[in-house]
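Right, one structure below, let's go through it.
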Amino acid sequence: MAVTFVRTTEPAGEQLTDELLARRLRDGDVIAGESLARRYSEQLLRYLQRLTRSEQVAEDVYQQTWLSVLEHLDKFTSGAGPGGFKAWLFRIATNKSNDLWRSKGREHRAYDGLRLVTETEAADAAAVPETAEHVEKLRWAIDQLPDSQRQVLLLRYYSEMKFVEIAEMLGCPLNTALGRMHKAMVRLKQLLEEPRTA
Amino acid sequence: MNDVDDNPEQAQLLLYLANEMPPAPRQALEKRLEADADLRDHLAALREADSSLNQGLAGLDAAEPIEVRLRSAERETVRSLRQWHIDRSINQTPQSARLRVRRVPFWLYPLTAAAVVLVGLGLWYLSFDRNADGTLAHHDDSDTPRMPVWDAPDDNEAAPDIELAVRDSDSFGELEEEMSKLIALSRALQ
């Protein structure tokens with residue numbers, strides 16, 4: 001049996017929104033799906049890298065996210081929540097990431113301990129340029145944030161979602177989401193001002 | 001800066017900074033900002049922290065190129081997309097084929113076999129003769145045509161004599177007659 005990859009025709013002047021591409025993907029337009037995937041690939045992968053603190057894990061979660069998107073595509077097109085496809089995509093990615101860390105909680109804690117030791121030693125030993133040091137310190141500072149705060153901070157930056165959408169996505173009141181963001185900003189400022197080894 | 005959970009004002013400032021505040025509360029907050037210097041300081045500190053964070057994260061991303069991993073992830077996603085499409089096409093197309101096969105329901109096969117056995121048994125049962133009282137009668141096959149048999153050879157005759165067991169049948173009568181002629185002819189030739 002021959003399987004064809006169709007490209008559906010678009011009405012003149014119609015804007016290729018996420019929802020339209022998702023609908024076309026559901027109707028068998030793989031090219032539309034590829035466009036949709038590329039539209040958020042960098043944001044999503046960066047977000048997952050910062051969230052999971054691992055490039056390899058981020059890539060795995062990235063793939064799992066897309067597999068889940070395809071699996072539940074009919075659900076999305078039949079009733080997209082607030083924030084549209086992007087919010088849905090980042091919600092799935094966040095849930096996948098949470099699932100992963102929940103299932104590997106023990107390894108996670110062990111990894112955190114190991115990472116803290118190695119990074120502290122590296123910071124003492126390495127004589128890095130100021131800019132690179134600042135970047136490295138920021139990464140370290142973000143990694144020190146509690147998961148709930150880091151999630152809101154990274155969602156806000158990488159998904160560019162509104163606070164209302166982030167709160168809805170995380171299933172918490174708006175004030176809680178704002179509180180986590182605020183705490184994250186305050187904590188980051190403190191961490192960046194104090195010596196790293198402290 | 002105080003905690004937002006303890007001080008909802010900070011939440012309002014964050015929303016204001018993000019330009020996500022509805023018009024009415026926004027105007028109310030702007031009026032308060034004009035009057036309250038501390039609130040203005042809070043807002044300035046938040047704006048500075050937000051700007052610093054955005055710049056820092058942009059710098060962090062620039063310092064960590066992910067092009068290779070990104071291309072790899074995209075390729076993998078495209079593969080998944082195509083495989084998903086193929087799987088879906090396969091799962092959708094054979095539905096009609098499956099329907100064609102399932103037009104003969106599975107229970108029809110044993111039912112047919114049982115019916116054949118019952119019909120066979122019925123025919124076999126009906127083949128018996130019956131007495132007046134309905135009981136099965138002993139089957140008398142005396143009038144059943146038999147195959148011709150050879151009599152034991154006569155010492156005085158060179159050729160075997162043929163006797164037919166079937167007398168009632170016209171065809172067997174004719175056959176007997178023909179056979180007699182053939183035997184007579186054979187004797188004459190000898």
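When you check residue A:150 against the structure, is it of a type outside the set (Val, Ile, Thr), at pLDDT below 90 and assigned to a helix (DSSP H, G or I), yes or no?
no
Considering the stretch A:5-31 alone, what residues qualify as being at positive phi and either more than 10 Å from chain B (Cβ to nearest Cβ) or modelled with pLDDT under 80 (or both)? Working first, answer last.
Looking only at the stretch A:5-31, we keep the residues that are at positive phi, and these are A:13, A:28.
Selection gives A:13 alone.
Looking at B:55, B:12, B:27, which one is more than 7 Å from chain A (Cβ to nearest Cβ), over 28 Å from residue A:149 (Cβ atoms), assigned to a helix (DSSP H, G or I) and open to solvent by 20 Å² or more (accessible area, probe 1.4 Å)?
Of B:55, B:12, B:27, the one residue that is more than 7 Å from chain A (Cβ to nearest Cβ), over 28 Å from residue A:149 (Cβ atoms), assigned to a helix (DSSP H, G or I) and open to solvent by 20 Å² or more (accessible area, probe 1.4 Å) is B:27.
How many of the residues making up the stretch B:58-80 are open to solvent by 50 Å² or more (accessible area, probe 1.4 Å) and at the interface with chain A (Cβ under 7 Å from one of its Cβ atoms)?
Of the residues in the stretch B:58-80, 3 are open to solvent by 50 Å² or more (accessible area, probe 1.4 Å) and at the interface with chain A (Cβ under 7 Å from one of its Cβ atoms).
Here is a check on your reading of the model: is residue A:137 part of a helix (DSSP H, G or I), touching a Lys or Arg at 6+ places or on another chain (Cβ under 9 Å), more than 12 Å from every other protein chain (Cβ to nearest Cβ) and at pLDDT below 90?
For residue A:137, the condition - part of a helix (DSSP H, G or I), touching a Lys or Arg at 6+ places or on another chain (Cβ under 9 Å), more than 12 Å from every other protein chain (Cβ to nearest Cβ) and at pLDDT below 90 - is not met.
The values are calculated or read from the model by the stated rules, or taken from the named source; none is laboratory data. What you are looking at is a predicted structure, and each value in this text was computed from that prediction instead of being measured. Don't worry about glycine lacking a Cβ; one is built from the backbone with ideal geometry, like all the others, and counts go over all protein chains shown. Keep in mind that these areas ignore ligands, DNA and RNA; they rest on the heavy atoms of the full protein, side chains included. Shrake-Rupley method; radii C 1.70, N 1.55, O 1.52, S 1.80 Å.
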